[in-house]
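A short write-up of the structure that comes next.
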Amino acid sequence: MGQTFCLDSSKISNELKFILELLKADTDQAVHCINPNLVEMIDWNLFIAQARHHRVYPVLLSKVKVMDEKLIPSFVVDTLSREYKQNTFKMLHMSAEMEQIHQLFEQQSIRMICLKGPILANELYGDLSLRTANDLDILIPIEDLLKAENLLIEAGYQKDDYIQTVLNDWKWRHHHVTYFHPQKRTKVEVHWRLSPGPGKEPSFLELWERKQKSTLFGSSVYLLGKEDLFFFLAAHGARHGWSRLRWLVDMKQLMKMDLDWVTLQQLLKKYYIQHIGGQSIVLATQLLKVHYTREMMVLLRTKRAQKLAQQAIFYMEIMINLHTYPVPGEVSKYHKKHLFSLMSIQQKSLHILSTLHPYPEDVKTLPLPVKFHFLYFPLRPVLWMWRKTRKHALP
């Protein structure tokens, strides 16, 4: 059993290569074995910037602290220590808020599954302080969305009403809505899907039946079952190009757990994302030295999984934040192609068909009363061509 394919990571910066070496090392002895010559080529300010960007500074701190003091400048350790402490306080605050939201929903019989945040940190790392999070992600049944929104607004949250919709396309084009508490400075993303559509994925009921109980709180707070968690994290990381190493470290931690690989392969096959599962395994085994087993080989050695893994290296070479607009034109173009390459034949077919469904831009181009919105279906090609013509006509 061997892996002959090797990722080309030659264009990754020395700073990121050093971070990857640190993340590979699971013991103090392994940290001490890191080639000291690599450290001599490090721009330490860029190292800190990379650690922040990839959100892995909590894990890095424990590793740089055991290295030779002559190799790591003191200001680097001090900076990571300061950010580690700030993150710990933040995760404790978010944990308390997550428990309050859970109690709020439970009182109104809203079933809730935690997707990321403090619950995931506790599950994967056994320590809240070792993972970062900017918001609380929860999954609820779509029929409870309005009830959940009213509860959050009553609790002081404000809705970020960024979703524009026509003919209820929000239900499958989007997958979550965001709420922000101005006093607590807490953001909550309420999901009704794991990923944006169109595309097949497990129903809430299926995920609820396979859920697992978190050990973080005494109350019944749930997260995804381990195989569903792999499914979700692999799809999420792939959709974002694995542009933050934190998501890949999550996969490393998850892959060290007792996963049912037969069940997982069936799950990935059912929803046509074996190649995405394979991509995550290739990246984790080669960049983070995760031990792979015979069961993983079915996903690991496919040409498509290896090709997708190589494509993801692009995002590590440039340290890009895909959520900061405007995204550079070259990156945006590459990302669109990469997203399309991630799709299965079934997903590509659904994606192409979805372009025939009216978009909110059609309503802006030609406002019609709601009862006549069905006319946007035959009018869509005309309205699309009109916008293209106007765009090229503008200086």
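Some points to look at:
- Each of Y222, P58, I12 was scored by the projection of its Cα onto the charge dipole of the chain, and the greatest displacement toward the positive side belongs to I12; charges sit on the C-beta of Lys, Arg, Asp and Glu.
- Estimated from the Cβ-Cβ distance and a Förster radius of 25 angstrom, the FRET efficiency linking S81 and A30 is about 0.70.
- Among the listed pairs K90/K336; K211/K303; K269/K289; K226/K337; K307/K333, those whose Cα-Cα separation exceeds 28 Å are K90/K336; K211/K303; K226/K337.
- Summary: within the chain, the longest segment free of GluC sites (Glu not before Pro) located in DSSP loops with at most 14 other C-beta atoms within 10 Å is 70-395.
- Local electrostatic count at I138 - Lys and Arg +1, Asp and Glu -1, tallied over other residues with Cβ under 13 Å: -3
- Among beta bridges identified by DSSP and lying wholly in segment 84-207, the antiparallel ones come to about 75 percent.
- Contour excess over end-to-end distance, with Cα ends at D127 and K213 and 0.36 nm allotted per residue: 29.3 nm
- Relative contact order (%) - segment 1-81, alpha-carbon pairs under 8 angstrom, separation at least six: 33
- What you get for segment 26-107, charging only the Cβ of Lys and Arg (+1) and of Asp and Glu (-1), is a dipole of about 160 debye around the Cα centre.
- Using θ = phi - 60° and Karplus 6.51 cos²θ - 1.76 cosθ + 1.60, couplings along segment 79-93 (whole Hz; Gly, Pro as x): 5, 5, 5, 4, 6, 4, 5, 4, 5, 4, 4, 5, 5, 5, 4
- As a length-normalised measure over Cα pairs under 8 Å and 6 or more apart, the relative contact order of the chain settles at 15 percent.
- The chain - Rg and Dmax from Cα coordinates, angstrom: 22.5, 72
- Pairwise FRET efficiency - N168 versus K364, Cβ, R0 = 22 Å, nearest 0.05: 0.80
- For segment 40-138, the set of trypsin sites (Lys or Arg not before Pro) satisfying both a DSSP loop assignment and a count of at most 10 other C-beta atoms within 10 Å is given as K70.
- Part-to-part distance (alpha-carbon centres) for segment 44-68 and segment 133-159, which is given in Å: 34
- Taken about its Cα centre, segment 14-343 carries a charge dipole of roughly 860 debye when the Cβ of each Lys and Arg holds +1 and the Cβ of each Asp and Glu holds -1.
- Of all beta bridges that DSSP places with both ends in the chain, some 70 percent have antiparallel geometry.
- Note on segment 216-313: semi-axes of the ellipsoid equivalent to its C-alpha gyration tensor, largest first and rounded to whole Å, are 21, 15, 13.
Just so you know, all these numbers are worked out from the coordinates, no wet-lab data involved. As the structure is a computational prediction, the values presented were derived from the model and not from experiment. Methodologically, a virtual Cβ is constructed for each residue, glycine included, from the backbone with ideal geometry; neighbour enumeration extends over all protein chains shown.
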